[in-house]
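Heads up, the thing below is written out as structure tokens.
Derivation of every value follows stated rules applied to the coordinates shown; laboratory data play no part. This is a predicted model, so every value here is computed, not measured. Cβ coordinates were reconstructed from backbone atoms using ideal geometry, including for glycine residues, and neighbour counts include every protein chain displayed.
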């Protein structure tokens, strides 16, 4: 009989422990859901860090890894702009699709700007992969010219931008399907 009592006490303790752990997991899931849904963080919202369609790109002047000068006024219509980081696993996963997409663009390399944000030594592999299909800029952090102009804080970020007659450059697309065939701009 004492064996049966010990077994019931053990099962009860195990169930109590399971309940406590389950409640802890539920609490953590709620915290993560709030962060992702935009109900927490500074100002009561979660910053997606992507620029919205119609937002203006800030002023910038920089140089590519090839020494070519690049500024906001030099961006052509339907320029594809992408931000990658060497330590970013999703960046490594999306890189082949981005390179294929960029290679298929009608304007070629002149229609694509790729920014690698991170330590220049670590960026070398990304630069080698991107250089044949894009004008590549290496920046060390979010305060550098292109990262600041595009407010790039999440990686990978892929945008399409176009200049307008008044000198402004606006984001025309912030969700680019890299797996879809490239079509001419409308």
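Go ahead and estimate [θ] at 222 nm for the chain from helices alone: -39,500 (n - 2.57) per DSSP H run with n ≥ 4, summed, over the residue count, rounded to 500. Before the final figure, lay out the partial values.
Values: 4 runs with 68 residues, N = 186.
After summing the helix terms and dividing by the residues of the chain, the value is -12500 deg cm²/dmol.
If you take every DSSP beta bridge whose two residues both sit in the chain, what share of them, in percent to the nearest 5, is antiparallel?
Rounded to the nearest five, the antiparallel share is 55 percent.
Given the peptides 17-23, 120-126, arrange them by the average over their residues of other C-beta atoms within 10 Å, most packed first.
Answer by packing, highest mean first, reads 120-126, 17-23.
Can you tell me the 0 to 90 degree angle between the C-alpha axis of helix 2-37 and the longest principal axis of the chain, rounded to 10?
That works out to roughly 20 degrees.
State, to one decimal in nm², a quarter of the convex hull surface area for the C-alpha atoms of the chain, i.e. the direction-averaged projected area. Can you show the working numbers first?
Details: hull surface 64.0 nm².
Quarter of the Cα hull surface area: 16.0 nm².
Using Cα atoms only, what is the angle between the long axis of helix 120-130 and the major principal axis of the chain, expressed in degrees (0 to 90) to the nearest 10?
70
Rounded to the nearest 10 degrees, what's the angle between the helix 89-104 long axis and the longest principal axis of the chain, both from Cα atoms, 0 to 90?
30
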